[in-house]
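What follows draws every value from the coordinates through simple rules; no lab data is involved. Values in this document were obtained by computation on a predicted structure and should not be read as measured data. No Cβ is skipped: glycine too gets one built from the backbone with ideal geometry, and neighbour counts run over all protein chains shown.
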């Protein structure tokens, strides 16, 4: 190989490669009332930094409250859509199509939204607010939470019965303790004490009959939901429900 060829080979082999250009990212839209087809992503800047400087992104979705203007995680908010007949609908599962807005899951904020008719202001059209909107939200969250308890059994994340719930609590494998409203005081106090000692949430929104129907069993009073995503989902719904029910 000639000296010139060798020099050209060395140049090609060791020439530094050009840096990968930053990837542009679309900014989140500022409108609080959007179309369902728009799914904005939340980033701190309009472009990603070089690879070596990139940080792990927080995938927790946030939205801006149409009443307070505060940006919060969506698991602390309620999504509303306008139905084809121009009625306000609480979309508790976040799946309904159409224009929507987010409002903080707080009773005082929701009352203010109803009083101001923030829905019409954001939709820029006349809309009808059901008289029982708050009650519908409470009942809907309660129903969704109970459905989650049922799903926990199907996924193997649920143990029920006093002895098995007691074992789950003592082994520190439980993430949530659910007790029937009409369970005996003696059994409730024992398991409740264990849960509180571990700083576990205690949920008592349903009767024994309601819990039994949800999981397809009889005389169900004590349930333990294993630590993990299922327990977290139920806890988020119950926390939201408490916030909607509370006047504080």
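Segment 150-209: percent of C-alpha pairs farther apart than 19 Å? Present the calculation step by step, with values, prior to reporting the outcome.
Details: 409 of 1770 pairs.
Counting pairs separated by more than 19 Å, the tail of P(r) holds 23 percent.
Sorting 78-90, 185-197 by average packing, meaning the other beta carbons within 10 Å per residue, from highest down gives 78-90, 185-197. Which of rounded, prolate, oblate describes segment 135-245, given a ≥ b ≥ c as roots of the alpha-carbon gyration tensor eigenvalues and a/c under 1.5 marking rounded, otherwise prolate only if a/b is larger than b/c? Cα axes put segment 135-245 in the rounded bin.
Residue separation of residue 68 and residue 207 scaled by 0.36 nm, minus their Cα-Cα distance, works out to 46.4 nm of gained length.
Cα gyration tensor of segment 74-141, axes a ≥ b ≥ c as square roots of the eigenvalues: rounded (a/c below 1.5), prolate (a/b > b/c) or oblate? Intermediate values should be presented prior to the final figure.
On the way: a/c = 1.41, a/b = 1.17, b/c = 1.21.
Rounded, because the longest to shortest axis ratio a/c is under 1.5.
Taking the centroid of alpha carbons for each part, segment 167-204 and segment 78-98 are 36 Å apart. Working from label points 7 Å from Cα in the Cα-to-Cβ sense, the residue 197 to residue 219 distance is 2.7 nm.
Label point 7 Å out from residue 184 along Cα-to-Cβ: which residues of segment 134-174 have amide N under 18 Å? Label zone hits: 160-167.
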